[in-house]
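J.: One structure follows; several queries about it will come next.
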Amino acid sequence: QVQLVESGGGLVQAGGSLRLSCAASRSILSFNHVGWYRQAPGKQRELVGVVTSGGTTNYADSIEGRFTISRDNTKNTVYLQMNSLKPEDTAVYYCNARQAAFAYWGQGTQVTVSS
């Protein structure tokens with residue numbers, strides 16, 4: 001059973017930064033891609049960005065270049081560096097890993113951005 005554990009969420013003022021971590025229970029290179037999603041209260045879960053097994057990253061347009069996904073293969077960890085945070089970035093952030101028809105989710109970490 002694959003486990004994904006997110007950490008690094010918290011409360012930050014607008015304009016600040018946070019780095020989220022997603023630690024996987026097995027090699028992140030075994031997945032087709034690992035991504036970050038977020039869900040704000042009363043809204044649907046939406047994609048933030050992904051990194052493929054080959055290292056390519058793709059982001060949602062709404063991120064506007066403020067977030068960066070990176071990974072440390074030796075630690076089986078994917079990171080989400082979030083800069084210039086806005087109140088509308090407030091959400092629970094989830095890590096997601098996909099391999100073929102299988103999708104795995106972490107428990108989520110809360111990010112709250114105050115104005």
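Values quoted throughout were computed directly from the atomic coordinates according to the rules given, and no laboratory measurement underlies them. No experiment lies behind these values; they were computed from the predicted model shown. With ideal geometry, Cβ positions are generated from the backbone for all residues, glycine too; neighbour counts draw on all protein chains shown.
J.: What residues from region 72-108 fall in the zone where the backbone N is under 11 Å from a label point 7 Å along the Cα-to-C-beta line of E46?
T.: Those under the cut-off are 88-90.
J.: Could you give the alpha-carbon Rg of the chain over 2.2 N^0.38 Å, rounded to two decimals?
T.: Working: Rg = 13.3 Å, N = 115, 2.2 N^0.38 = 13.4 Å.
That ratio works out to 0.99.
J.: Report the local net charge at G15: Lys and Arg +1, Asp and Glu -1, summed over other residues whose C-beta lies under 15 Å from its C-beta. Numbers along the way, then the final one.
T.: Values: positive: R66, K86; negative: E64, E88, D89.
Combined, the nearby Lys, Arg, Asp and Glu give -1.
J.: So, one more: Please list, by residue number, every one of the trypsin sites (Lys or Arg not before Pro) in region 7-114 that is coil in DSSP and has at most 16 other beta-carbon atoms within 10 Å. Could the numbers behind the result be given before it?
T.: On the way: sites: R19, R26, R38, K43, R45, R66, R71, K75, R98; in loops: R26, K43, R45, R66.
Passing both the DSSP loop test and the Cβ count: R26, K43, R45, R66.
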